[in-house]
Amino acid sequence: MMLHEHPAVSFEILRAVAPAWRISQGHALAASAGIPYLMRRTYWNALEPAPKGEYDFLNYFECADRDVRIFHDVCAALRDTSQNPEWAFVREGPIWHGRRVPAWEDLFA
């Protein structure tokens with residue numbers, strides 16, 4: 001499957017506040033919801049655990065434009081602690097949504 005020329009992207013900055021925290025259902029939930037391709041990259045803080053006031057990692061996601069609504073629905077389900085109790089141990093930072101472009105100047109075109 002070909003992605004849109006400039007796929008939709010999302011950056012999510014997170015901090016886990018319990019050492020045993022893990023989310024194991026994210027990709028499975030995305031696939032079962034109908035997203036055929038979801039790219040994820042995780043960038044970890046150089047220090048683990050992250051110092052107080054900093055975040056543990058930043059997640060970068062990419063999906064096709066037609067899947068953005070489903071992606072947001074999946075994220076909402078992951079944040080629902082009745083479905084995903086581990087989320088109670090997550091502290092979210094800023095979330096940014098946008099589009100990947102081939103060159104810096106294309107961000108402002």
When every residue in the range 64-88 that is touching a residue at least 40 places away in the same chain (Cβ under 8 Å) and either of a type in the set (S, T, N, Q) or touching a strand residue (DSSP E or B) at 6+ places or on another chain (Cβ under 6 Å) (or both) is compared, the one surrounded by the fewest Cβ atoms within 10 Å (Cβ to Cβ) is 65
- Could you say whether any residue in the range 97-108 is closer than 15 Å to residue 9 by Cα, assigned to a helix (DSSP H, G or I) and under 16 Å from the mean Cα position of the chain (by Cα)? no
Flagged in the range 64-85 as within 30 Å of residue 49 (Cβ to Cβ) and out of contact with any helix residue (DSSP H, G or I) (no Cβ under 9 Å at 6 or more places or on another chain), in numbering order, are 72, 76, 82, 85
Worksheet entry | Yes/no for residue 40 being basic (Lys, Arg), in a loop (DSSP other than H, G, I, E, B) and either in contact with an Asp or Glu (Cβ under 9 Å, 6 or more places away or on another chain) or at pLDDT below 85 (or both) | no
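The values are calculated or read from the model by the stated rules, or taken from the named source; none is laboratory data. Source: prediction; values computed, not measured. Every residue, glycine among them, receives a Cβ derived from its backbone with ideal geometry; neighbour counts consider all protein chains shown.
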